Amino acid sequence: MTTASDTRKDTGDTVSTDTASTGTTHTGTTHTGTTHTGTTHTGTTHTGTTHTGTTGVVERWRAVAAATGPADRGAAEAGVRLAYDAAGLARPERIVWVGSPLEGTAAALLLAGRRDILPGEIADRAAGALRAAGAEPVAGAAGASVREAVRTLPWAAARQRLHGALGGSGWAERWALTGAPLWDTTRSLTERVRTGVVEALTAQPDQEQDRDQEQDRDRSRARDREAAVRLAMLDAVLGQHDAPWLAAVAEDGDAGAGAGELAGPAAVARAAGWWWPYEKTVLIAERPLELHRDEAGRLDRGDGPALAYPDGFALYAWRGMPVPAAFLAQLSTLTAERIRAEENAELRRVMLEHYGYDRYLEESGARPVHRDETGVLWRIEMPGDEPVTMVEVVNSTPEPDGTHRTYWLRVPPRTRTAREGVAWTFGLEADGYAPERET
């Protein structure tokens, strides 16, 4: 299988980052759970120096990474021309707008002469976008990729310049204050997009195979398709998802790399999504219309797509775990019997979280296996999966109305006593758990 590290030696290219267009207001779209509490690094002190100017840079690029709504096409196209000028390249003859990274990857495959591996409907849609901009969807029509010239080399030059000015430790500290706070959530989002594109472009109808030789040929063709799709994505500049890298080279107090080597890529990032630069043609993808994440920054939505693009490409997830679109529709009608019958252990866990462990235990006829002064230990066997083991505890601090709230804590299946389970939640052994006062 071809991977980013196998085929691309550019520094930083295996990282994905999200972006938003700074200063652009998108009305009418609500992003539930997209605020990442506790991740803003204000007044962080490193080696005795307090850095206050970097906070604004991080937050502006965080907004870029999470931006939704229509791209600012004029600003993005101006950024492309600036990037080509800075690289000493002739400006592209045409710019093609596509609806998502999925459609952009499909268009890149058409320009590489790989229509044979694309699903028909997606190939037709990508070909239509190319023709509408005056580009033929055939091999060689766009020329060679110039990604190295417009993104890789400028990034290396900017980093080298700052590394020389700050020194090794200074550069590491700068990254810790700027790019690092955006890294994990942006990388995980980009990897989910990549995975979704691969799945959509390599999906094939199920067919019964009678001979091992045919199955081997199918597996070989599947590997070839996936490698081709991943290579096409490696030709993309990540646009808004390059936010961590752009934040790291931004001047303090600046919206980010507004001048210098990365001015062009930064302008595109603030205005649009992924883009594919070729000698004659540039493909630019729209930003998503919706992005829903939980407090940990994971894709998360229980009643629709967690990430949705204008051309219909969408990702569904529950607390970070990918789920089929049809799966979410049944969550509102779950029963204990339906949960127990689910064969996929990961989907069953999603069902349990949505349904509520306490409700499931009650309706499944579970019986307590141990009780003591700390609480009650419950366990119920799950077919093909580890048992659901919970400790029922009562909060000793009363609610405003005088009642005492009951909590259910999931603990490891090996737990044998309620005390052991409660102690585990504090990182203690049962013998070491002896609170003077429970709260």
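Can you tell me the FRET efficiency between Ala326 and Val138 if r is taken as the Cβ-Cβ distance and R0 is 41 Å, rounded to the nearest 0.05?
Values: r = 37 Å, r/R0 = 0.90.
Given R0 = 41 Å and the Cβ-Cβ separation, E is 0.65.
At a 1.4 Å probe, what is the % contribution of carbon and sulfur to the accessible area of region 143-204? Could you put the intermediate results ahead of the total?
On the way: 1380 of 2560 Å².
Whole-percent figure for carbon plus sulfur exposure: 54.
At a Förster distance of 60 Å, what's the computed FRET efficiency of Glu386 paired with Arg131, Cβ-Cβ distance as r, to 0.05? Could the numbers behind the result be given before it?
Details: r = 54 Å, r/R0 = 0.90.
With R0 = 60 Å, the Cβ-Cβ based efficiency is 0.65.
I'm checking a number: the convex hull volume of the Cα atoms of region 329-439, normalised per residue, in Å³. What is it? Mind dumping the intermediate values first?
Details: hull volume 13.8 nm³, N = 111.
Expressed per residue, the convex hull around the Cα atoms of region 329-439 is 124 Å³.
Taking 8 Å as the Cα distance limit and 6 or more residues as the minimum spacing, I'd like the relative contact order of region 334-417 as a percentage.
It rounds to 22 percent for region 334-417.
Taking Cα pairs under 8 Å and at least six residues apart, what relative contact order does region 229-360 come out at, in percent? Before the final figure, lay out each step's value.
Details: 168 pairs, mean separation 18.0, N = 132.
It rounds to 14 percent for region 229-360.
Does region 267-341 come out rounded, prolate or oblate, given a ≥ b ≥ c as the square roots of the eigenvalues of its C-alpha gyration tensor, rounded meaning a/c under 1.5 and, failing that, prolate meaning a/b above b/c?
Details: a/c = 3.72, a/b = 2.67, b/c = 1.39.
Here region 267-341 falls in the prolate category.
Which value, in Å², gives the accessible area per residue of region 380-439 when a 1.4 Å probe is used on the protein heavy atoms? Don't jump to the answer; show the numbers that get you there.
Numbers: 3910 Å² over 60 residues.
Per residue, region 380-439 has 65 Å² of solvent-accessible surface.
Kirkwood hydrodynamic radius of region 301-378 from all distinct Cα pairs, in Å?
Working: mean 1/r = 0.0701 Å⁻¹.
Kirkwood radius, region 301-378: 14.3 Å.
Suppose the chain between Arg410 and Glu121 were pulled fully straight at 0.36 nm per residue; how much longer would it get relative to their current alpha carbon spacing?
Full extension of this stretch gives 99.5 nm more.
Mind ranking 122-134, 225-237, 362-374, 270-282 by how tightly packed they are, going by the mean number of other C-beta atoms within 10 angstrom, highest first?
On the way: 122-134: 17.4, 225-237: 21.4, 362-374: 13.9, 270-282: 25.7.
Ranking, from highest mean packing down: 270-282, 225-237, 122-134, 362-374.
The values are calculated or read from the model by the stated rules, or taken from the named source; none is laboratory data. It should be emphasised that the depicted structure is a prediction, and the values quoted were computed from it without experimental measurement. Neighbour counts run over all protein chains shown; Cβ positions are idealised from the backbone, glycine included. For the accessible areas, the whole protein counts, side chains as well, though only heavy atoms, and no ligand, DNA or RNA atoms are used. Shrake-Rupley method; radii C 1.70, N 1.55, O 1.52, S 1.80 Å.
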